[in-house]
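Just so you know, all these numbers are worked out from the coordinates, no wet-lab data involved. Quantities reported herein were computed from a predicted structural model and do not represent experimental measurements. Note: ideal-geometry Cβ built from the backbone for every residue, glycine included; neighbour counts use all protein chains shown.
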Amino acid sequence: MTPEEARTEIARLSAEVERHDQLYYQQATPEISDADYDKLFRDLELLEAAHPELASPNSPTKRVGGQPIDGFDQREHVVPMLSIDDVFSEEEVHDFWTRMVKNLLDAKIPMMIEPKIDGVAASLIYRDGELEAAVTRGDGSAGDVITENVRTIPGLPLRLGADAPPVLEVRGEIYMPNDGFAKMNVAREEEGLATFANPRNATAGTLKLLDSREVAKRPLAFIAHGFGQLEGVEIDSFSQYRDLLKTLNFPRNEPVWYTDTVDGVLAAISELDEKRHSLGYATDGAVVKVDSFAAQQQLGATSRAPRWAIAFKYPPEQKETLLRDITVQVGRTGTLTPVAELDPVHVSGTTVRRATLHNQDEIDRKDVRIGDTVVIQKAGEIIPEVVKVITAKREASSVPFDLYDYVEGKCPRCEQPIEKAEGFVAWKCVNFACPAQASNRLKQFVSRKALDIDGVGSIVAEKLVERGLVEDILDLFELRVDQLADFNIGTAVEPRMLGEKNGTKIVETSLRAREAPLSKWLYGLGIPQVGESAALEASRLVETMHDIPGSELIDKIRERGEKDTWLKANPMRSKKVELSAEEYTERKAKHDEYKPRVKELNTELEDYAISPELGGVASRSLLEFFRSDSGQAMLARMKDLGINPQSHNYRPLAAAAADGDSAASEIAGKTFVITGTLSQGRDAFKARIQEAGGKVSGSISKKTDYLLAGASAGSKLTKAESLGVAVLSEEAFEALVSGGGGDQGEPEFKLEG
Ligand code: IVH
């Protein structure tokens, strides 16, 4: 085939594939079989592979996504992306109308009413009919360029054909249809990944992915509802714009109502409320807009929203039902939540049987009693809650509820005493070993930053704890493949087995996790106040986990922190509180005792150069945990299991600087940014930099000392170069670490700052 023939054939095949995409996704009337479509698609792919110079970024074959990118560039909106003012009542709709009538001097105004889609706004810029860029709303004047991700949206036109205007900026909503969202969450559950709370979050989360091949796997969709720049088109209303969208094959917002009276507007709003739950995607209101562009122009806009449009937000649907009982749930952080057990009732699309009562204060404030008739709604259209009691319907037999009495002062799961912290409304189970808290801990334990156990995601973790397979995180290390293979992560009605493959994966990665470094273990245990950095610093100070409870060093950090905090509060100089002579003497004595002790501790600890990431509070929490009964029991069991996590960065004396260790001195105190594809994950490099006393930040600024740049580094590299930040290749970084600094370590392409 000559290049000219290839060009013609690629154009023909592309047009064919695009036409069938449209038929399939938009009209839902496919003309060819899946197999025939696949063949067309493959022919196009092959031809493009043979003539890479002819392949366009907007070829339909690019919908599967491309190379991961480094971060999103920003792009300014030529026409700002405004917001819309929300209204919540008929009265406010009337006010809006009155304002417009006064301004336009006409009682009739051509209006259009359509669903407000609960998704993520995006602007798609087409130049000469080709998709040039897709940009998020951002702050309204500039947003993230998400073109690669948007190209993967099925049915979204990438090329507009011969009739396209020279410049067209189509604005609309990217969203996730309800069924696709539900399926995706089920699949994520099975893979052990975290599920999304609602379709909007799922959409936003998906669009933030840097790997468009992943985005391509998610069920995104797009609906057009507006425009930005528009050149070479003669139209004077939204209704005509809708015709243009149709010609160009864009998915449009439906249903739409047209009217020119305020009563017509209100009627449309209420008709839409009837229909919106059956649209198949989340809507949170009705958008009411002036149809005529001339009238829009006359009304104008404020800096944040046009005066020609409002969004009517629907109140959540409310239903009455009988509250049969109140039970108490122990949440994953130990919080005791009262839950209303209800006569089943249909609210906003689902049947509700239980609703949260939040806490005792809420029960008291609303005066909720067992046997009451209550009003239910879904908060944010998702979580059912009790709004109020219909006191007029209260029977004499209704019973007040007191949470503390109901649970007899004990956690319903572990029967240990419950506590309420000063200033808090919720009762909490504070027993570290309570099974109710175990699933939360297990989640942290298996997470990427901790022991990174494949196959145990949020849902699997919860089920493992719920079904008693894991009561204590260490149970994980005694699970067998056969047990896991038959483990039901679904429900009794709809069982779904974990399967042998997943079971094996869990057992195998757990085996590896036994050898994980101490810092990962310490973080994974989820000890209060002990985050990733504190864990890393603590692990520098001991050789193995079993050394922690007896560590004098950590105890000194605790003591210094506590005494220093007391001194800093400077109780003797307090002007606000009048101290009695007795109190003064007492405090003075303490002060005189603490001050030299802190000084002494400072001197003793100086050589250790303890990072502030491990302060008094974290040290205290660490010691309290390892010295507690549950901590001791854990250590004993670990011994039995033959697990004794070793520190990989044990080096108590901050030998670094003292030894003249040049690696550490080159890195200590320096700020790094990591980008591009390196031989190992970025976390691995991050850990090494931190161990050597350096910091790792997510974005480049003047304060950045080094950019560690791997292959196909993008915008960060450009920025580093423009700011004169030194750029290290992986080899240069290695040289720096291995103590180069001098001759052999000179960064490969260090720029003068
Ligand atoms: S028209 C001048 N129509 O809601 C703004 N917006 O609160 C014109 N939205 O960011 C916007 N559905 O992304 C319009 N049918 C619809 C909409 C809609 C959802 C979003 C839009 C905007 C936000 C404003």
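For the chain, with only Lys/Arg (+1) and Asp/Glu (-1) charged at the beta-carbon, what is the dipole magnitude about the Cα centre, in debye rounded to 20? Provide the component values of the computation, followed by the final result.
Numbers: 92 positive and 123 negative charges, 295 e Å.
The calculation lands at about 1420 debye.
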> Nearest 10 degrees, 0 to 90: what angle lies between the long axis of helix 616-627 and the longest principal axis of the chain (Cα atoms)?
Replying inline: 70
> Between PRO596, TYR404, TRP257, whose Cα lies farthest towards the positive end of the dipole of the chain when Lys and Arg beta carbons carry +1 and Asp and Glu beta carbons carry -1, centred on the Cα centre?
Replying inline: PRO596
>> Residues of region 130-153 with backbone nitrogen within less than 19 Å of a virtual label 7 Å along the Cα-to-Cβ line of SER699, please, listed as ranges.
In response: 135-147
>> Going by average Cβ density within 10 Å per residue, which order do the peptides 452-464, 21-33 take, highest to lowest?
In response: 452-464, 21-33
> Which distance in nm do the two modelled labels at LYS246 and SER141 give, with both placed 7 Å along the Cα-to-Cβ direction?
Replying inline: 3.9
> Out of TYR37, PRO166, PRO219, whose Cα points farthest toward the positive end of the dipole of the chain (charges: +1 Lys, Arg; -1 Asp, Glu; placed on Cβ)?
Replying inline: PRO219
> If you line up the long axis of helix 532-541 against the longest principal axis of the chain, both from Cα atoms, how many degrees apart are they, to the nearest 10?
Replying inline: 30
>> I need the peptides 194-207, 91-104 ranked by packing, meaning the mean over residues of other C-beta atoms within 10 angstrom, with the highest value on top.
In response: 194-207, 91-104
>> Tell me which of LEU479, GLN329, MET638 sits at the most positive position along the dipole axis of the chain, charges placed on C-beta atoms (Lys, Arg +1; Asp, Glu -1).
In response: GLN329
> Considering amide H positions built from the backbone, and no H for Pro or chain starts, which residues 5 or more places from VAL167, or on another chain, come under 5 Å of its amide H?
Replying inline: ASP128, GLU231
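Using the alpha carbon gyration tensor of region 308-465, what are the three equivalent-ellipsoid semi-axes (square root of 5 times each eigenvalue), largest first, in whole Å?
Working through the eigenvalues yields semi-axes of 31, 24, 14 Å.
How high is the FRET efficiency from ASN103 to GLU76, r the C-beta distance, R0 30 Å, rounded to 0.05?
0.50
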>> Can you give me the angle between helix 90-104 and the longest principal axis of the chain, using Cα atoms only, in degrees from 0 to 90, rounded to the nearest 10?
In response: 50
> Just the Cα atoms of the chain: what Rg and Dmax do they give in Å?
Replying inline: 31.6, 102
> For the pair LYS183 and GLU552, how long in nm is the line joining their label points, each one 7 Å along Cα→Cβ?
Replying inline: 6.5
> So what's the back-of-envelope 222 nm ellipticity for the chain, counting only DSSP H runs of four-plus at -39500 (n - 2.57) apiece and dividing by all residues, rounded to 500?
Replying inline: -11500 deg cm²/dmol
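Within a 10 angstrom radius of the beta carbon, how do MET112, MET638 rank from fewest other beta carbons to most?
Details: MET112 22, MET638 18.
If I rank by nearby Cβ atoms, fewest first, I get MET638, MET112.
What does the extension gain come out to for ALA396 and HIS51, with contour length at 0.36 nm per residue minus their alpha carbon separation? If you can, show how the numbers build up before the last one.
On the way: separation 345, 0.36 × 345 = 124.20 nm, distance 8.32 nm.
Difference between extended and current length: 115.9 nm.
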>> What distance in nm lies between label points placed 7 Å from Cα along the C-beta direction at GLU613 and THR350?
In response: 3.9
> Quick one: putting +1 on the C-beta of Lys and Arg, -1 on the C-beta of Asp and Glu, what dipole do you get for region 351-453 around its Cα centre, in Debye to the nearest 20?
Replying inline: 480
> Sorted by mean Cβ packing within 10 Å, highest first, what order do the peptides 259-270, 227-238 take?
Replying inline: 259-270, 227-238
> Mind checking which aspartates and glutamates have their C-alpha under 13 Å from LYS393, skipping anything on the same chain fewer than 8 residues away?
Replying inline: GLU320, ASP372
> Percent relative contact order of the chain, based on C-alpha pairs within less than 8 angstrom and at least six residues apart?
Replying inline: 9
> Contour minus end-to-end for HIS591 and GLU341, with contour as 0.36 nm per residue of separation and end-to-end as the Cα-Cα distance?
Replying inline: 84.5 nm
>> Net charge around GLY140, counting only other residues with Cβ within less than 15 Å of its Cβ (Lys, Arg = +1; Asp, Glu = -1)?
In response: -1
> With the Cα gyration tensor of region 67-221 giving a ≥ b ≥ c as the square roots of its eigenvalues, does the rule (a/c under 1.5 for rounded; else a/b larger than b/c for prolate; else oblate) give rounded, prolate or oblate?
Replying inline: oblate
> Once you charge only the Cβ atoms, +1 for Lys and Arg and -1 for Asp and Glu, what is the size of the charge dipole of region 1-142 about its Cα centre, to the nearest 20 debye?
Replying inline: 260
